1. Any residue in segment 203-212 that is surrounded by fewer than 17 Cβ atoms within 10 Å (Cβ to Cβ), at pLDDT 85 or above, out of contact with any strand residue (DSSP E or B) (no Cβ under 6 Å at 6 or more places or on another chain) and not basic (Lys, Arg)?
2. Among the numbered criteria (1) modelled with pLDDT under 85; (2) small (Gly, Ala, Ser); (3) touching a strand residue (DSSP E or B) at 6+ places or on another chain (Cβ under 6 Å); (4) farther than 23 Å from Leu468 by Cβ, which one does Ala324 miss?
3. Return yes when Gly166 is at pLDDT below 85, at positive phi, open to solvent by 20 Å² or more (accessible area, probe 1.4 Å) and not in a loop (DSSP other than H, G, I, E, B) and no when it is not.
4. Restricting attention to segment 550-573, which residues are surrounded by 20 or more Cβ atoms within 10 Å (Cβ to Cβ) and under 36 Å from the mean Cα position of the chain (by Cα)?
5. Based on this model, can you work out whether Trp174 counts as farther than 27 Å from Trp300 by Cβ, surrounded by 20 or more Cβ atoms within 10 Å (Cβ to Cβ) and free of Cβ contacts under 8 Å to residues at least 60 places away in the same chain?
6. Give the number of residues within segment 494-525 that are among the β-branched types (Val, Ile, Thr) and modelled with pLDDT of 85 or more.
7. Could you grab me the full set of residues in segment 219-249 that are hydrophobic (A, V, I, L, M, F, W, C) and at pLDDT 90 or above?
8. For segment 112-163, which residues satisfy the criterion of being touching a His at 6+ places or on another chain (Cβ under 7 Å) and surrounded by fewer than 19 Cβ atoms within 10 Å (Cβ to Cβ)?
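The values are calculated or read from the model by the stated rules, or taken from the named source; none is laboratory data. Small disclaimer: the values here were computed from a predicted structure and weren't measured. So basically every Cβ, Gly included, is an ideal-geometry build from the backbone, and we count neighbours across all protein chains shown. What goes into the accessible areas is simple: the full protein's heavy atoms, side chains included, and nothing from ligands, DNA or RNA. Shrake-Rupley method; radii C 1.70, N 1.55, O 1.52, S 1.80 Å.
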Amino acid sequence: MPRSKAVLQTGLLAVSICAMSLCASPQAQDTIDSTQFELSNATRDLDDPISNAVVMVGGGCTGTLIAPRIVVTAGHCVNHSAPMSGLPATNDGGTDWEMPGQWYPLFDYANGLRIRFGNDRNNFQYTARAHFYNHPGFADVIMLGLDKPVPLSVAIPMPVMTEVPGDRNPGRFWRGKTFTMVGWGGTDTTSAPRFRQKATGTYEDYPHTSFGTRRPNQMLVRGAGGTQVIPGDSGGPLFWSRLPGTFHATRVLVGTAQGTESVGGRYFVSWGPGGTDGGGNERPDLGAWYERVLREGVDWQPIDRRLPPDTENIAACHTGDLYALTGNDALWRARNLGEAAWQRLRRLPGAKSISCGADIVYFQKDNRELWYITGSGDLRQAGRPHAADRIAATEDPTLDFPRLWALNDDRTLWENMSSGSDGGWDRVGRPYAARDIAAVRQALFAVNDDGSFWRNTERGQDAAWVRLGEAPVGMQDLAAANDGQSDRYWLVAGGTDRTLHRGRIAKGGDIPEQVQAPASKIFRKPEYGGYRVDWCRRWGNDCGKPAADAFCVLAGYDEATAQSSALNIGDRSPTYVIGAGRVCSDESCDGFARIVCRAD
């Protein structure tokens, strides 16, 4: 692995090094001489939620968790024998990508690419799977979208540096700086370490010349004591810390390992301003890419339990109670925001919509009268906002009663801080495309006619709406609830098909919903870690189908259904023995010409 690492308080420097994971395109890395890669200065990394943001991608690449559902790694780590989904290859300098910065299904891995958390290869703590990818174009860096948010008790996402502090000249700013590199590479090219490794390095060169071309978004780091990046470190982080001696608490990602050099490692920087390389090719602004993808969005997750039949409206309270109003005027309740069983509570004659604030359930009747349920269960009228179409209520620490919002028929937005009395309504704006609203503490949310989802923290002022992505497909109703902390809340969406989704505001939270991957895939001249896959799973043993099965599992499939050999290729195309973590470069080494993988 790379043996230099640095931490920064405000950013991330992405580094991707061709590692022993599902790496592709041998031309994207320098020729490896096993005698050069003794990581004499490498040490075992710590095992805690901050350190465990550095993950194993697939079978051996390294990556970094930078949002609850996003890992950044090297592009070549997920592009082995063929381009993903028919799109151009991820190699630096390759053909331009369609729609850089957009999320695409990771179809090359039927069950998702494994992302494993923890410091012990023999005992990982947690496993997630990546189903989507996001690429900036013309850079060997890629973001992977996970199937679920990673708990903070497992790993804490690392901040990313997206610009050099003070807009200073990068070369002058980084001169003399020390970094830390972390990765799953071994202490040489043939070993696979049980524990994740780290090492230090210093700034050497920026912009860096690689493959004969000067790159405006690559930096060279010199490893301390001859330390170098090796297979297994690809996609690993380059960390920097502003405060010497406080690395663990102030680390920031500033680069992603892309390849090895005779002095250390080559990294794609996260703060790269873009520009034109020595060959006249435009390079992306990586800092802008990180900022765009990591902007806040809603991470929607489905809830297994469905809404009661004929549900017309939902409401959520900060106690965790979720309410549903059905077409026969019945009020239902489910604890734990819809995960518990539904219980029918009572009828609300004439009710057409409901809301909840400070544990008080409000409902509006067909005749526009606004009512609420008292603590003793009595029904009392609060007023009659005669033009209101949707009502939202929320607890407000500055008031002794809920704050109310109304979305009128003409799409004007009104606020009431007088318990819903008719004289207490004030117009605050006109979100002309909103079709439903919800409120929690100081935040107001809206779903527009086009399915877009918005937030406003300035009391509904027209200029303060911020788009957070898309609402779940088929969303009909919206509810919001605080979880007891002023800065954290849940969003709940009810669908026309009675489905329920629960959402959190998170960086990079607008990853698409999961899609179905192909049931089988043909890998021609399959590669692993930048090498052809060896015919045997272990050195000279478990040859043929056992080795093909092992490759398919690493690629996210269940097993191999067919395979064919490529004999005596080791001297021309070295092979990687998956079960041994070793490279065979002898003429007698055999590989695969083709593997067909199948998913159940």
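1. no
2. (1)
3. Values: at pLDDT below 85: yes; at positive phi: yes; open to solvent by 20 Å² or more (accessible area, probe 1.4 Å): yes; not in a loop (DSSP other than H, G, I, E, B): yes.
Taking the combined requirement at face value, the residue satisfies it.
4. The answer is Ala550, Phe551, Cys552, Leu554, Ala555, Gly556, Tyr557, Ala560, Gln563.
5. Yes, satisfied.
6. Pass one, segment 494-525, residues among the β-branched types (Val, Ile, Thr): 496, 499, 505, 511, 515, 522.
Those left that are additionally modelled with pLDDT of 85 or more: 499.
Count: 1.
7. Met219, Leu220, Val221, Leu238, Phe239, Trp240, listed by residue number.
8. The answer is Asp147, and nothing else.
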